[in-house]
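Structure first, then comments.
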Amino acid sequence: MSSGKELHRLEEIMKQLRSENGCPWDREQTHLSLRPYLLEEAYEVLEAIEEDSTEHLLEELGDLLLQVVFHAQIAAEESRFTLTDVLKELNAKLIRRHPHVFAGKEVGGVKEVLVNWEEIKAAEHEEKPACVLDGIPASLPALMRAEKMQVKAARLGFDWGEISGPLAKVKEEAEELATAWRLWRKEGQAQEQGRQIEEEFGDLLFSLVNLARFLGIRPELALNRTSDKFYQRFRRMEESAAARGESLHRLTLAQMDELWEESKKHF
């Protein structure tokens, strides 16, 4: 069976689930109520990719597709648009934004393709955005939002020439954070200085995201991997303590450090 037929079958299944004789839970859902599920399914796709699991990825891509069909069905019931409209719009956009593939336009490489993409995207909107950074969702995870902003700015030439630039910036921001912290302690931990520390910490994170971009690292994925590693090591610490008939909350810091160093040998 072709993918088109299976997609149509999925659309019909969703219509039935949302019908009067369908599923009570599916019937009561709205665009707003489905927001957390859309985000959750997207992250589960990322997890499947990280695991390099074909079976898991197959399943999670299906769950993510279900969210698209679900939203399209709700919109169709409200006479706003249909799944067919979504597919038509997507197909037209892909063709329009790839003139080097579908219209014979010459490009000099990936960088030029990305510049053309942004120019075509901007021309599609009747009103020009107030800023080239407009269009990046504020609801994105903070690291991803910072990365997207920096990528857009870099495409316009607002970027370091070499990695020494972002490296020096990270050092500069770390020093400014330390200075703000010392001032906060000196002035009796005033609330105003606390906000300054928060700002300087944000600046440091932003500079680290920029460094990650130069290193070809996705900061969101890198931090998740480190969190996973911390989880595995900490869990082994708990297991090692339990094997000795002890619990972590009764151990000294020195004893926990000893277990931590041991767990690092395994993860």
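The values are calculated or read from the model by the stated rules, or taken from the named source; none is laboratory data. The model shown is predicted, which means the values in this text are computed figures rather than measured ones. Ideal geometry is used to build each Cβ from the backbone, glycine not excepted, and the neighbour counts take in all protein chains shown.
Rundown of residues vs (1) touching a helix residue (DSSP H, G or I) at 6+ places or on another chain (Cβ under 8 Å); (2) more than 17 Å from Ala142 (Cβ to Cβ), yes/no style:
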residue	(1), (2)
Gly194	yes, yes
Glu200	yes, no
Asn210	yes, no
Leu215	no, yes
Ala222	yes, no
His266	yes, yes
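Does segment 82-96 contain any residue that is over 21 Å from Glu11 (Cβ atoms) and charged (D, E, K, R)? Write out each step before concluding.
So in segment 82-96, the residues over 21 Å from Glu11 (Cβ atoms) come out as 95-96.
Within this subset, residues satisfying the condition of being charged (D, E, K, R) are 96.
The answer is yes, given that some residue of segment 82-96 is over 21 Å from Glu11 (Cβ atoms) and charged (D, E, K, R).
If you go through segment 93-113 and keep only what is touching a helix residue (DSSP H, G or I) at 6+ places or on another chain (Cβ under 6 Å) and either among the acidic types (Asp, Glu) or surrounded by 13 or more Cβ atoms within 10 Å (Cβ to Cβ) (or both), you end up with Arg97, Val107.
Are there helices (runs of 4 or more DSSP H) fully within segment 37-120 with at least 2 residues that are over 30 Å from Arg18 (Cα atoms)? List them.
Working: elements: 54-77, 83-96, 99-102.
Where helices (runs of 4 or more DSSP H) fall fully within segment 37-120 and carry at least 2 residues being over 30 Å from Arg18 (Cα atoms), they are 83-96, 99-102.
Going by the structure shown, is Leu32 part of a loop (DSSP other than H, G, I, E, B), hydrophobic (A, V, I, L, M, F, W, C) and in the same structural domain as Val86 (by TED's automatic domain parsing)? Give the derivation first.
Numbers: part of a loop (DSSP other than H, G, I, E, B): yes; hydrophobic (A, V, I, L, M, F, W, C): yes; in the same structural domain as Val86 (by TED's automatic domain parsing): yes.
For Leu32, the condition - part of a loop (DSSP other than H, G, I, E, B), hydrophobic (A, V, I, L, M, F, W, C) and in the same structural domain as Val86 (by TED's automatic domain parsing) - is met.
Pairs meeting the criteria (first residue in segment 224-245 and free of Cβ contacts under 8 Å to residues at least 12 places away in the same chain, second residue in a helix (DSSP H, G or I), beta carbons under 8 Å, at least 6 apart or on different chains) are Glu238/Leu248.
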